[in-house]
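This report refers to the structure that appears directly beneath it.
The values are calculated or read from the model by the stated rules, or taken from the named source; none is laboratory data. Note that the structure is a prediction, hence the values are computed from the model and not measured. Neighbour counts are summed over all protein chains in view; Cβ atoms, including those assigned to glycine, are modelled from backbone coordinates with ideal geometry.
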Amino acid sequence: MAAQGRKVISRASAEELGSVSHLVLDSDNRRIALVVVGKRRKARVVSWEDLSGFGADAVMVSQDEALREPQDDREQAAAMGDLELLGRRALSDLGNELGKIDDVVFDPDSGALESLVVGEDERPAGSLLGAGSYAVVVRADGAESAPRQWQS
């Protein structure tokens, strides 16, 4: 579900608060953690929990105050675009370049990640191992199993 450019509306005031710049993933829990509204220094964030709806036409927040300034280094990096998923390189856990993240598929009710779209390939959310400022790492085989345990 493409989110970029979608209007963000306050349910309390019925005012437009801005538009979605990008989504920030919590890779440990495989879900959307933050929605970034605006860009760079003017960007503000809203936690997924503060959304009251994520529809085809708009993203609804419960109240104007849900949209806030970034509170820590991670949120600041997100606001600056350093954690944007789309366009980020995708690497396998074997170190092979898979391409770029073209889209993410997620449940609009829960924010749960369903899959990552890398070129023509759609990888299940369970194959995601980590996401950072350099790359997104997924299991080479795309399987949804537990990470391998390395032995010496």
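Of note:
- Candidates S47, S92, S10, filtered to the one that is closer than 16 Å to A135 by Cβ and polar (S, T, N, Q): S92
- Selected residue [of a type outside the set (V, I, T), buried (at least 17 other Cβ atoms within 10 Å of the Cβ), outside any loop (DSSP other than H, G, I, E, B) and not assigned by TED's automatic domain parsing to the domain that holds A131] from S52, S21: S21
- Filter result (among the hydroxyl-bearing types (S, T, Y), in contact with an Asp or Glu (Cβ under 7 Å, 6 or more places away or on another chain), at pLDDT 90 or above and closer than 15 Å to L23 by Cα) within region 93-137: S115
- For region 1-21, the count of residues that are touching a Pro at 6+ places or on another chain (Cβ under 8 Å), closer than 29 Å to D141 by Cβ and in contact (Cβ under 8 Å) with a residue 60 or more places away in the chain is nonzero.
- Hits in region 88-102 (condition: buried (at least 16 other Cβ atoms within 10 Å of the Cβ) and either within 22 Å of E49 (Cα to Cα) or hydrophobic (A, V, I, L, M, F, W, C) (or both)): A90, L91, L98, I101
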